[in-house]
Structures are given as structure tokens and as C-alpha cells.
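A.B. asks: Pasting a structure here, questions to come.
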């Protein structure tokens, strides 16, 4: 399982996603350009010391990410408010890439067209969207649950 962020706008959300990846043993991929310098102190602050504990990779563009993904043979699962399948009805596979769009604009049509599946998190009527880091944690939790991918608990 891989968590991917398309052109993230907010360093703190990206840092939270990296922390989630570190804690759950899931690599995180950042598709640039980001709305902040990925090496900036604010980004490092948001990721805290978890940046040293997570496997993460940067892609210079969506085209570069797509080349990598296709070479790896991974399925692209886009999370979007325009998704066709509700999260509880979707069946995940261990090699899936869970992709989340930018906070300000979601994902463009090019990304929608490349996706193998478009999934939405059901919300109450009248609610637009969740925070991207919250959405990523919810989706990743369900994907890991379905694929038995959570880390083994520490012995007590």
C-alpha cells in the first residue's frame, strides 16, 4: 500500500500524512509541484521527527509519477468527491496507491482519467469535504484493514 498526495497545498497536512505513513509503515509519495517548498522549515516542523521514520519519495510531476506507477504495475485509487464508489463498498488490493488531490482544487481531469478507481468517502448531505489528512487516514485505515496490512502489535 502506498499513500500519494497530488500537488499538496498545505505543509501541515502533508506532514500529518507523512507521520501517518511512518506510524503505519506505509510509504508516502508527493507529486509536485507542492504549494510550499518541500524542504522548507515549516514542512520539516509539520513532519517532526517522523520524516526520518517514513519512506517517502518525491515526483517532479504527475507524468513522472505515472511512469513510476506503471513500471511498478500498481493500481491507482483516486479519492475524490466525484468518486463513483463509496469507501465502504470498495475492495482494496495490497499494492494499491491511494491518491489524494490538493486541498484547494482536488485532482484535475488528467488524474481522474488515469485512475483505475475513483472512491469517495460518504458524508452527510450538505457537507463538502473532509480535511485531506483525515481523509487519507480514514482510507488508509480501511485499506490496511481489508488487506491485513496493519503493523504487527508490539509484544506486551
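Rule-based calculations on the coordinates, nothing more; no lab input. Keep in mind that this is a model prediction, so the values were computed, not measured. All Cβ positions, glycine included, derive from the backbone under ideal geometry; neighbour counts span all protein chains shown.
A.B. asks: Below 8 Å between Cα atoms, with a sequence gap of 6+, how large is the relative contact order for the range 73-156 in percent? Present the calculation step by step, with values, prior to reporting the outcome.
C.D. replies: Details: 104 pairs, mean separation 32.6, N = 84.
Normalised by residue count, the contact order of the range 73-156 is 39 percent.
A.B. asks: At a threshold of 8 angstrom on Cα-Cα distance, excluding pairs fewer than six apart, so keeping six or more, what relative contact order does the range 2-146 reach in percent? Write out the running numbers ahead of the final one.
C.D. replies: On the way: 259 pairs, mean separation 40.0, N = 145.
It comes to 28 percent, rounded to a whole number.
A.B. asks: For a quick check, take a GNM of the chain with Cα springs below 10 Å and name the residue from 136, 53, 11 with the largest mean-square fluctuation.
C.D. replies: Looking only at 136, 53, 11, the biggest GNM fluctuation is shown by 53.
A.B. asks: Could you pull the Cα extents of the range 53-101 along its three principal axes, largest to smallest, in whole Å?
C.D. replies: For the range 53-101, the Cα spread along each principal axis is 31, 24, 22 Å.
A.B. asks: What value, in deg cm²/dmol to 500, does the helix sum -39500 (n - 2.57) over DSSP H runs of n ≥ 4 give at 222 nm once divided by the residues of the chain? Mind showing how you got there, number by number?
C.D. replies: On the way: 5 runs with 53 residues, N = 156.
The helix contribution divided over the chain gives -10000 deg cm²/dmol.
A.B. asks: Which residue, 76, 130, 24, has the most motion in a Gaussian network model of the chain that connects Cα atoms within less than 10 Å?
C.D. replies: 130
A.B. asks: Follow-up. Under a 10 Å cutoff between Cα atoms, tell me which one of 61, 135, 39 has the largest fluctuation in the Gaussian network model of the chain.
C.D. replies: 39
A.B. asks: Here is a follow-up. Test of understanding: extend the Cα→C-beta vector of residue 48 to 7 Å, then name every residue of the range 125-141 with backbone N under 12 Å from that spot.
C.D. replies: No residue qualifies, since no backbone N sits under 12 Å from the label point.
A.B. asks: I would also like to ask the following. Given the convex hull over the Cα atoms of the chain, what projected area results after averaging over all orientations, in nm²? All intermediate terms of the calculation are to be shown ahead of the outcome.
C.D. replies: Working: hull surface 39.0 nm².
Result: 9.8 nm².
A.B. asks: Of all beta bridges DSSP finds with both residues in the range 2-146, what is the antiparallel percent, to the nearest 5? Numbers along the way, then the final one.
C.D. replies: Details: 1 of 22 bridges.
DSSP beta bridges in the range 2-146 are roughly 5 percent antiparallel.
A.B. asks: When DSSP assigns beta bridges and you keep just the ones with both residues in the range 69-123, what percent turn out antiparallel, to the nearest 5?
C.D. replies: Details: 1 of 10 bridges.
Once the DSSP bridges in the range 69-123 are tallied, antiparallel ones form about 10 percent.
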